[in-house]
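Accompanying notes for the structure given below.
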Amino acid sequence: MALYLVQHGKSLPKDADPEKGLSGEGMEEVKRIAERALQHEILVSVVRHSGKKRARQTAEILAEALQPEKGVEAAEGLKPLDDVTVCAETVSPGDNVMLVGHLPFMERMAGYLTTGNPDQSVIQFRNGGIVCLDEDADKGWTIRWAMLPRYA
C-alpha cells in the first residue's frame, strides 16, 4: 500500500492559457507515465487534485488509465503554498491515494513525511512524475520509488 505524489504535467504559459492547462507535450508525458503505471499494476483508490486546471487534467489522465474505484476529486490543501502538515494528517498508506499538485507543495510534503521537516529536500520532482511513499510502523515514511516521464 502506498501514497503517490504527482506534480502536474507541463503546462501552457499564462499568455496562451490564463488557467495554465496542460500543454500538448505535458498531456503526452502524463499519458506515457499513466500507461507505465498501469503496466506495473499500480493500485490507486482515489486521485485527488488541487482544483487548478493543470492538476485536474493530470489527475484525469492518470485516472483514465488506473481506474481508481473512488474516481477523481478536487481536494483542499494541495495548492502550491498550502501547509503540508494539514494534508499529512489526512493520509494513510493503506488508502492508496494519489495526490496531484504543484511545487513547492509536493517536495515539501515528501520532505515532511520522510524527515519531519518540510524544508528538508529529499527528492526533486519533475512535471508528470510519480513519487511513491510508504509508511512502515517502525521506520516511518520512506520513498519507495519514483517514475519520471522521460523514462516511461
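FYI, it's all coordinate maths here, none of it is from the lab. Everything numeric here is computed off the predicted structure, so don't read it as measured data. Positions of Cβ are backbone-derived with ideal geometry, glycine not excepted, and every protein chain shown enters the neighbour counts.
Values as computed for the structure displayed
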| read-out | value |
| --- | --- |
| Rounded Å value of the spacing that divides the Cα centres of the range 125-145 and the range 60-109 | 13 |
| Fewest-first sequence of 143, 33 by Cβ atoms within 10 Å of each Cβ | 143, 33 |
| Residue of 72, 91, 100 that the Gaussian network model of the chain assigns the largest fluctuation, springs spanning Cα pairs under 10 Å | 91 |
| Cα-only Debye scattering, the range 3-151: base-10 log of I(q)/I(0) at q = 0.11, 0.13 Å⁻¹ | -0.36, -0.51 |
| Inter-label distance for residue 143 and residue 40, nm, one decimal - labels placed 7 Å from Cα along Cα-to-Cβ | 1.3 |
| Per-residue [θ]222 nm for the chain (sum of -39500 (n - 2.57) over DSSP H runs n ≥ 4, rounded to 500) | -9500 deg cm²/dmol |
| Estimated dipole of the range 3-151 in Debye, rounded to 20 [Cβ of Lys and Arg +1, of Asp and Glu -1, Cα centre] | 480 |
| Ascending count of other beta-carbon atoms within 10 Å, so fewest first, for 32, 150 | 150, 32 |
| FRET efficiency for residue 103 and residue 73, using Cβ-Cβ distance with R0 set to 22 Å, rounded to 0.05 | 0.55 |
| Exceeding the 30 Å Cα-Cα cut-off - candidates 20/70; 52/139; 31/139 | 52/139; 31/139 |
| For the range 1-57, projected area of the alpha-carbon convex hull averaged over all directions, nm² | 4.1 |
| Gyration tensor (alpha-carbon) shape descriptor, the range 33-121, a/c threshold 1.5 | prolate |
| Distance between modelled label sites at residue 20 and residue 119, nm, 7 Å Cα→Cβ extension | 2.4 |
| Farthest toward positive dipole pole in the range 3-151 [+1 Lys/Arg, -1 Asp/Glu at C-beta], among 62, 115, 137 | 62 |
